[in-house]
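The values are calculated or read from the model by the stated rules, or taken from the named source; none is laboratory data. What you are looking at is a predicted structure, and each value in this text was computed from that prediction instead of being measured. Cβ sites come from the backbone with ideal geometry, for glycine too, and all protein chains shown count toward neighbours. Remember, those area values only see protein heavy atoms, side chains included, never the ligands or the DNA or RNA. Shrake-Rupley method; radii C 1.70, N 1.55, O 1.52, S 1.80 Å.
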Amino acid sequence: MADLRCLICNRVNDASAERCWYCRSPLPVSSDTPASDAQEKIPPSFSDANEELRTGEKPPDDAIEQSEEEVPEWLARIRELKAQEEQVSRQGSDRGPGADQPPEWLPNLSRGELDSIEKDQVQKALIEDQESGENASAETSFRDSVARPVTGEGVAAKDIEAFGDPGAADTTHPKSAAQGEQAAEDEAKKIVEPVFPIPVDDLPDWLSEEPDLIEKITSKAQKLATTAPPHDEDELEKGALPAWLKTLRPLEAVVPAASEQEIPSSTDQEGVLAGISGTLRSIDLEGRQINPALNPHDLVVTPAQQANVDLLNDLIHPASSTSLTQPVLNKKMGGKKFLKAFIAIVMLLSALLPFLNQSFQAVIPELFPKEVVDAYGFIQEIPAGKPVLIAVQYEAGLAGELAWASEPVIENLVSRGIPMAVVSTNVSGYAILEEQLRRAFTNDSNNQFEEKVINLGYLPGGTIGLISLVRDPREAVPFSTALEPAWESAPLENVAEISDFAAVLLLTDNPEILRAWVEQSGRAEIPPPLLAVVSAQAAPLVQPYHDSGQIRGFIAGSSGALSYQMIRQVPGKASSTFTSYQLAVLTAALLIFLGGVVTLINTAGTGIKQKGGG
Amino acid sequence: MRTVNFLIAVVAGLIVLLGYFFPGLELAVIRKPLLDWAVTLSGVAGLVAILNLVFHVHWKRVHDNHPRKLYSAVLILAFLLTVAAGVFLDPASAGFQKLVTRVQVPIESSLMAVLAITLVFASLKILQRHRNWMGFLFFLSVVFFLVLNSGVLAFTAEIPILRDLLSAFHQVPVAGARGMLLGIALGSLVTGIRILTGSEKPYNG
């Protein structure tokens, strides 16, 4: 079957259609001629009408009358629209001085359903009407009227544009005026009526035959428009929990399940199944309650995890893991307390014995470690006037060990009259070291603390602060702890970069700090020589840096301090402290060995497990 | 917001990293303020952490009548006294330094001494808890290296074979430390790459 092409919007419609699906214009009578041919065979009258619209010339009246009998219905409608357009244009050109002002009805559109875009289009079209003249206005209106799709809003905009001027309705053509009034009434009705997705007037025939449905739609829309409460923007809507969240709610918060609710068996009164009985009803999801699982997340514990739990429980509650009676438990706990007290007393005595009995001498190492020898040799080569930067970062708990370990080195620097600048990368380091430096200077009458030492205080930022210090020390720590310009004082006046220091002596208990200094000081164009005084526990981790030449030398713990003191051949506290250290370490080793042997003997019958690991 | 954090972290990291590899470029102009900001931010972060600890955690304990509110009250009082001392006594003041060296150092040193005794006590029971070959090897290692590092075996310097043997044993901890350092370096490298590529986002909290 051949399709029909609309002569107005030029779109293809089904051959059975009487009006265009898109512009609602009457379609030509169906024939066997293809649509494309139909357009080519446009009647002369329509061609003339188009020509008239383009040129603005009006054909003679007798010509119209001659062809009126042959005019089909769709062409008559076009002519009717054309006459209305001419009337509107004539009225616009006949208006007086107030013609440039927009009509009074235009602002009222803001209360209607037209959005701002439609209003702008209407207003623009009217102004163009007034400016471009009669024919151009007629052509524009005609094109707009035929090109706009027929929707609820589209119809309103088109009609308002076509019949917008109410003054045009009461002038020349009574019929047009009546149509204009009717159109204005319809439009006002549409504006008052609420928007509905389907225009009731444009419902298809099969749906229009359902009077109940139309009535329901219109009544529902009116009800929504009239009875809808004003919405408070500040008031939040009550939220409904999603189903997955409801399952996580505690049992106490859940009301009896939906299975206990009775579903009414009456016929649906609304919805797509309205009026149909015997249908399967959908479940009311909003009112449905989902019972959460009683044990949704069962904890699965492996035997290894259970063993670790038991071990931890034994450590925290030693008495709870045994099935011994209370007197036996008390006896075992008493034995543990006695053992702890015994160990503490023995360790304390071993540490204090060398100080109480000066005749007690430790085994002195005969070979000096290479790193200590290198450190001593480098310090001896430092020029007397060139300052050394002492960087400090250690915990206060290890201050005792590091004070003993660093004492011979600091005394060596003081005796040689080398200026020193102190900077700390933790908050307490500079205070601890300053006290130690003051003690060292009291033993040397040739040098004064205030002349040789500048305390630069705390450098925050960790590694980042270290980077800034390496990049520009004057900017990183501009003031001393006395809040004076540090770099204008005598010891540091010739120092502009980190490489101007004779060496950087690092005092730390953490090999990570040493690593950071090695890495960051290496960024300088001329990296400063690094020396270190470290805790004994950090010595194995510092040794590789010395072996690779990244640090010139280091002193580790009391044994390193003793070696340095012996190389220097100056008496000091290192010998007595090393004796205490050696005796305490040997005591600890002996206690551990004895404890292990006793344990092996007591548990000899149980044997040793073949499986390795902890 | 996460995208912005990611971009800031990656761009800042790349600028600093490129500054290492191409010192001739004018990246220092950007890198310098970045590092200055980082130092300032770290200082402010420390201050915020301290204030949070004192005025949010411990003050809340005192206010809520916590069973250990007495300790919290002492902590707050000590904090306020230290702050007052730091404000009215400059950091170079001998009084302020003695506040550190006479209070903080003895307390932390005592804790270290207690730790030493606790470790010895725990080592006594090492074979009771871990009665396997690894436990036995650990037990022997502890005893042997305590004796070795105490220096009582200094007489072995006169005996060539024993001297070389003990010198080799001295290198065992160093070898282990080298392995640890290599692991730390590789871990740092991988972590840095993961942060630069956005696989790791520690700044998202």
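Structure summary
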| quantity | calculated |
| --- | --- |
| Pair list, Cβ < 8 Å and 6+ apart or interchain, from the stretch B:96-122 residues that are at positive phi and part of a helix (DSSP H, G or I) to residues that are at pLDDT 90 or above and surrounded by fewer than 19 Cβ atoms within 10 Å (Cβ to Cβ) | none |
| Number of positions in the stretch A:377-398 that are within 14 Å of another protein chain (Cβ to nearest Cβ), open to solvent by less than 10 Å² (accessible area, probe 1.4 Å) and hydrophobic (A, V, I, L, M, F, W, C) | 2 |
| Filter result for the condition that a residue is part of a helix (DSSP H, G or I), open to solvent by less than 70 Å² (accessible area, probe 1.4 Å) and within 19 Å of A:Pro460 (Cα to Cα), over B:Val57, B:Val48, B:Val83 | B:Val83 |
| Unmet requirement for B:Ile161, which otherwise passes all of (1) open to solvent by 80 Å² or more (accessible area, probe 1.4 Å); (2) facing chain A (nearest Cβ under 9 Å) | (2) |
| Residues of the stretch A:501-548 that turn out to be open to solvent by 20 Å² or more (accessible area, probe 1.4 Å), out of contact with any Gly (no Cβ under 8 Å at 6 or more places or on another chain) and without any contact (Cβ under 8 Å) to a residue 24 or more places away in the chain, as a count | 4 |
| Any chance B:Pro67 is within 12 Å of chain A (Cβ to nearest Cβ) and part of a loop (DSSP other than H, G, I, E, B) | no |
| Residue ID - nearest to the other protein chains (Cβ to nearest Cβ), chosen from residues in the stretch A:343-365 that are modelled with pLDDT under 90 and open to solvent by 100 Å² or more (accessible area, probe 1.4 Å) | A:Gln361 |
| Pairs with Cβ under 9 Å, 6+ apart, first in the stretch B:1-25 and in a loop (DSSP other than H, G, I, E, B), second exposed (fewer than 14 other Cβ atoms within 10 Å of the Cβ) | B:Pro23/A:Glu525 |
| Some residue of the stretch A:446-454 being assigned to a loop (DSSP other than H, G, I, E, B) and either at the interface with another protein chain (Cβ under 8 Å from one of its Cβ atoms) or surrounded by 15 or more Cβ atoms within 10 Å (Cβ to Cβ) (or both) | yes |
| Among (1) open to solvent by less than 50 Å² (accessible area, probe 1.4 Å); (2) within 14 Å of another protein chain (Cβ to nearest Cβ), the one test that A:Glu407 misses | (2) |
| Checking B:Pro91 against (1) within 28 Å of A:Ala482 (Cβ to Cβ); (2) free of Cβ contacts under 8 Å to residues at least 24 places away in the same chain; (3) part of a helix (DSSP H, G or I), the condition it does not meet | (3) |
| Subset of the stretch A:509-525 [over 16 Å from B:Ser188 (Cα atoms) and of a type in the set (A, V, I, L, M)] | A:Ala524 |
| Residue list for the stretch A:509-544, restricted to those being more than 42 Å from the chain's Cα centre (by Cα), at the interface with another protein chain (Cβ under 10 Å from one of its Cβ atoms) and within 25 Å of A:Glu411 (Cα to Cα) | A:Ala536, A:Ala539, A:Gln543 |
| Sole exception among (1) more than 9 Å from chain A (Cβ to nearest Cβ); (2) open to solvent by less than 50 Å² (accessible area, probe 1.4 Å) for B:Phe169, by number | (2) |
| Test: residue in the stretch A:366-376 that is out of contact with any Lys or Arg (no Cβ under 6 Å at 6 or more places or on another chain), within 14 Å of another protein chain (Cβ to nearest Cβ), without any contact (Cβ under 8 Å) to a residue 40 or more places away in the chain and not in a helix (DSSP H, G or I) | yes |
| Of residues in the stretch A:549-593 being at pLDDT 90 or above and part of a loop (DSSP other than H, G, I, E, B), the one surrounded by the fewest Cβ atoms within 10 Å (Cβ to Cβ) | A:Gly549 |
| Cross-chain or 6+ apart pairs with Cβ under 8 Å, the stretch A:592-614 first and over 20 Å from A:Ala344 (Cα atoms) and more than 7 Å from every other protein chain (Cβ to nearest Cβ), then at pLDDT below 80 and in a helix (DSSP H, G or I) | none |
| Long-range neighbours under 6 Å by Cβ, at least six apart or interchain, first residue more than 7 Å from chain A (Cβ to nearest Cβ) within the stretch B:133-156, second open to solvent by 50 Å² or more (accessible area, probe 1.4 Å) and in a helix (DSSP H, G or I) | B:Thr156/B:Leu162; B:Thr156/B:Arg163 |
| Verdict on A:Glu434 being more than 14 Å from chain B (Cβ to nearest Cβ) and either within 23 Å of A:Asn494 (Cα to Cα) or not aromatic (Phe, Trp, Tyr) (or both) | no |
| Test: residue in the stretch A:494-508 that is within 14 Å of chain B (Cβ to nearest Cβ), over 38 Å from the mean Cα position of the chain (by Cα) and not hydrophobic (A, V, I, L, M, F, W, C) | no |
